[in-house]
1. Find how much the distance from ARG40 to ARG76 grows on full extension, using 0.36 nm per residue of separation minus their present alpha carbon separation; answer in nm with one decimal.
2. Given the pairs LYS73/LYS125; LYS81/LYS125; LYS34/LYS81; LYS34/LYS125; LYS73/LYS122, which are separated by over 24 angstrom at their Cα positions?
3. What list of whole percents do you get for P(r) of the range 22-100, with Cα-Cα distances grouped in 10 Å bins up to the one holding the largest distance?
4. Among MET43, MET1, which comes first, second and so on when ranked by fewest other beta-carbon atoms within 10 Å?
5. I want the local charge near TYR71. Using Cβ-Cβ distances under 9 Å, sum +1 for each Lys or Arg and -1 for each Asp or Glu among the other residues.
6. To the nearest 0.05, what FRET efficiency results for LEU92 and ARG26 with a Förster distance of 30 Å applied to their C-beta separation?
7. What FRET efficiency comes out for THR99 versus ALA11 if R0 is 30 angstrom and r is the Cβ-Cβ distance? Round to the nearest 0.05.
8. What is the extension gain from LYS122 to ASP59, computed as 0.36 nm multiplied by their sequence separation minus the C-alpha to C-alpha distance, in nm to one decimal?
Amino acid sequence: MRLLLIVLSAAALISGCQIVYKLPTRQGNVIEQKQLDQLRLGMNREQVEYLLGSPIATDPFRDDRWNYLGYYKSPRGDVSKRIVTLHFEGELLAQMEGTADPNGKDKALENPDVETILQQEKKDKQQTESRETGVILTPEGQ
């Protein structure tokens, strides 16, 4: 009976601390902008498949169009969706749609480095402190 009480109280304490880590959700083709920047018109199908991998959707009746669909939700809740459509004429890439990133840089689809994560955590901490005290702290160098 004591063991059950200890386990239940420990579970209650842990659930209140938000220690649970949420895994990132990736579906479809997760394509980074640096991969898309390497695409060039006139590449053959093998070269495109080497760069981007197999397309997630191809039309069984039209072999001249490949669709790459990507969805990524980070543990912080940031969601990125991307649809890239490639059109071929014969064996060569003729047209590309969705390769330019509308936001300038798609951070949620990239794997951030340690420095970026630390900077984001510092920024989040400063924002939390400014909400609690009412004082807005400006980062160094700005």
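No value in this document is a laboratory result; all are computed from the given coordinates. Because the structure is predicted, anything quoted here is derived from the model rather than measured. Note that we place each Cβ from the backbone using ideal geometry, even for glycine, and neighbour counts take in every protein chain shown.
1. Extra length available between ARG40 and ARG76 comes to 9.5 nm.
2. LYS81/LYS125; LYS34/LYS125
3. The percentages, shortest bin first, are 18, 50, 23, 8, 1.
4. Fewest-to-most Cβ neighbours within 10 Å comes out as MET1, MET43.
5. +4
6. For R0 = 30 Å, the calculated efficiency reads 0.50.
7. Once the sixth-power term is evaluated, E becomes 0.05.
8. Net length gain for the segment: 18.0 nm.
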